[in-house]
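Rule-based calculations on the coordinates, nothing more; no lab input. Fair warning: this is a prediction, and the values are worked out from it, not measured in the lab. Reconstructed Cβ throughout: ideal geometry from the backbone, glycine too, with neighbour counts over all protein chains shown.
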C-alpha cells in the first residue's frame, strides 16, 4: 500500500510486482497508512481518517477530528494517530471509532510507533 500528496492510494496484491489504484473518497494529501487486524487506516492532511477492510480495495472516510494528522500506527489491538498541536487519537475497534487522548504537549507530533 502506498499513498500520495494528490490523494491517490495504490496497492499491490503480489508482493509489489504490480500496482493498481484503490478507491478513496478524498482528493487531499494522504500522509501515511498503517495496517493491523486486516484493516488499513490512512491519515489525511486536514485531519480526515480513512479506513479499508477489504484488503485496501476501497477506503471510506471514518472521522474528521479537525486536526492536521501526520502519523498512524497499529499495536496491541489499537490504532493511534498523531498530528499537530499535540493531537493524539486512538481506536480500539479497528479504526471504526476514534477518541481524542491528551498527549501532554502542544507540539507537532510527526510519527508514532509501538
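Name the most mobile residue of 62, 33, 72, meaning the one with the largest mean-square fluctuation, in a Gaussian network model of the chain with Cα contacts below 10 Å. Of 62, 33, 72, the most mobile in the Gaussian network model is 62.
Here each label is just a point 7 Å from Cα along the line to Cβ, and for residue 55 and residue 4 those points are 2.3 nm apart. Neighbour counts of C-beta atoms inside 10 Å place 114, 40 in the sequence 114, 40, starting with the fewest.
Full extension of the chain between residue 106 and residue 84 yields a length gain of 7.2 nm, computed as 0.36 nm times the residue separation minus the alpha carbon distance. Of all the options 101, 32, 82, the one that moves most in a Gaussian network model of the chain with Cα springs shorter than 10 angstrom is 101. If you wrap the tightest convex hull around every Cα atom of the range 1-56 and split its volume per residue, you get 74 Å³. With mean projected area of the Cα convex hull in nm² in mind, check (1) 12.0; (2) 6.5; (3) 8.7 and report the label derived from this structure. Of the labelled values, this structure produces (2).
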